[in-house]
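Worksheet for the structure shown next.
The values are calculated or read from the model by the stated rules, or taken from the named source; none is laboratory data. Just so you know, these numbers come straight off a predicted model, no measurement behind them. Using ideal geometry, Cβ is built from the backbone for each residue, glycine included, and neighbour counts are taken over all protein chains shown. Areas reflect the complete protein model, heavy atoms only, side chains present, ligands, DNA and RNA absent. Shrake-Rupley method; radii C 1.70, N 1.55, O 1.52, S 1.80 Å.
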Amino acid sequence: MEAKKRIFSGIQPSGELTLGSYMGAIKNWVALQDEYDCLYCIVDMHAITVRQVPADLRRRSVAQLAQYIACGLDPEKNIMFIQSHVPQHAELSWVLGCYTQFGELSRMTQFKDKAKKHADNITAGLFTYPVLMASDILLYQSDLVPVGDDQRQHVELCRDIATRFNNWFPDTFTIPEAFVPKMGARVMSLGQPENKMSKSEPDGCVFLMDKPEDIMRKFKRAVTDCETAVRYDPENKPGISNLLTIYCAATGKTMDEAEADFEGKGYGIFKPAVGEAVVELLRPIQAEATRLMADKAYLESVYTQGAQRAQALANRTLRKVYKKVGFVPAK
Ligand code: ATP
Ligand code: LTN
């Protein structure tokens, strides 16, 4: 039997999971878990590239694992773990940093945006963040990286680093590819539909664990336009188009079906209907996440086992890399 292809992806526990990260990433993780050999990570080392409150980071890291499982990821099928439990990520990151150009990192749009937002704390870690991400991916010889649209540039850089490294040292890394969903790759803020919905901008952001009444309120208040037609037109109607995308991603309907559902109906009917679709989507996830959070011993066993399995795979690549660059093998 041919070996399954490998997937790696992760989300930072730098805030609560959002509807954007669900639709852009986690939904695909769930869809791909049977067909691929998957590692799904809680990338806490990435999270400290901007300031975190330690107790919150710790709580959110475990809560994020509970939410991954509640979204439908099976810990028996996938390797689920916390990044800082596998030191090989940091070790490979040092080596790859020595094969990455300053200029390449300077061009990363996420770095430029975050540097602007955290102007008083632009650390070396924030700058080299994409090298750590490349290490996450390459350490496991990943073929596919399911992410939202905003992460394409980082995966591209990872491919460039891997290709360059392979030119120096043939057959070291598998060259990975980004896997971005057709619907929901870029969920926009409900308050400012020209900006991406993001956990660091709570205004206009729907969180996975938001109460139904809060979700409904956020959708009823969503910024739209002064027409009345529910029509997909991202150029001229960014708010309505975003809501239609969310509706499709939540219900599994096509855009034509969604438009037909609201033909001749005004925004007063449309906006709460999208809210309800999201409430229904999240209801079972929230119930399961709450149940799992009460079982800390189970969650601990999942991330402990996950780290052991990840370390075994990571070690193979790291040994190979250390040997290729000329480090003396430790006895
Ligand atoms: P931050 O605000 O701290 O940058 P974020 O809310 O953008 O965080 P990430 O942890 O950076 O979330 O993203 C996790 C995953 O979810 C990534 O694969 C990312 O591409 C995807 N994602 C995040 N926000 C969205 C969104 N609004 N639409 C689609 N995908 C998204
Ligand atoms: N940078 C990603 C999170 C991330 C990631 C990864 C995603 C870190 N390492 C490896 C895919 C593969 C983000 O969403 N901000």
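At a glance:
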read-out: Surface accessible to a 1.4 Å probe, per residue, for the residues of the stretch 244-331, Å²; value: 56 Å²
read-out: Length gained when the stretch K4-W94 is fully extended (0.36 nm per residue, less Cα-Cα span); value: 29.5 nm
read-out: Heavy atoms of F127: accessible area, 1.4 Å probe, square angstrom to 10; value: 40 Å²
read-out: Candidates A289, A297, A277: whichever shows maximal mean-square fluctuation once the chain is modelled as a Gaussian network with Cα springs under 10 Å; value: A297
read-out: Centroid-to-centroid separation of the stretch 182-208 and the stretch 274-306 [C-alpha atoms, Å]; value: 21 Å
read-out: Local electrostatic count at K117 - Lys and Arg +1, Asp and Glu -1, tallied over other residues with Cβ under 15 Å; value: +1
read-out: For F127, net neighbour charge (Lys/Arg +1, Asp/Glu -1) across residues whose Cβ lies under 12 Å away; value: +2
read-out: Tilt relative to the chain, helix 54-70 - C-alpha long axis, 0 to 90 degrees, to 10; value: 70 degrees
read-out: Top of M255, M23, M133 by mean-square fluctuation, Gaussian network on the chain, Cα under 10 Å; value: M255
read-out: Heavy-atom accessible area per residue - the stretch 10-52, 1.4 Å, Å²; value: 30 Å²
read-out: Environment charge of L190, counting only residues whose C-beta is closer than 13 Å and scoring Lys/Arg +1, Asp/Glu -1; value: +1
read-out: Cut-off under 5 Å, modelled amide H: who pairs with F179 long-range; value: V145, V147
read-out: Cα-based shape type of the stretch 46-193, given that a ≥ b ≥ c are square roots of the gyration tensor eigenvalues and the cut on a/c is 1.5; value: rounded
read-out: Heavy-atom accessible area ranking, 1.4 Å probe, most first, across V230, V325; value: V325, V230
read-out: Whole-Å distance, taken between Cα centres, linking the stretch 26-61 and the stretch 97-176; value: 17 Å
read-out: Within a Gaussian network of the chain (alpha carbon springs, distance under 10 Å), most fluctuating of E213, E16, E259; value: E213
read-out: Whole-percent carbon and sulfur share, accessible surface of the stretch 153-273, 1.4 Å; value: 50 percent
read-out: Set K112/K324; K114/K324; K114/K199; K4/K296 screened for pairs whose C-alpha atoms are more than 25 Å apart; value: K112/K324; K114/K324; K4/K296
read-out: Considering only the chain, percent of DSSP beta bridges that pair antiparallel, nearest 5; value: 10 percent
read-out: Heavy-atom accessible area ranking, 1.4 Å probe, most first, across Y22, Y36; value: Y36, Y22
read-out: Solvent-accessible surface (1.4 angstrom probe) belonging to V50, in square angstrom, nearest 10; value: 30 Å²
read-out: DSSP-assigned coil residues among trypsin sites (Lys or Arg not before Pro) in the stretch 131-225, each with at most 13 further Cβ atoms within 10 Å; value: K182, R221
read-out: Rg(Cα)/(2.2 N^0.38 Å) for the chain, N = residue count; value: 1.04
read-out: Exposure of I175 as accessible area (Å², to 10), given a probe of 1.4 Å and all protein chains; value: 70 Å²
read-out: Largest-first ordering by accessible area, 1.4 Å probe, given options K320, K237; value: K320, K237
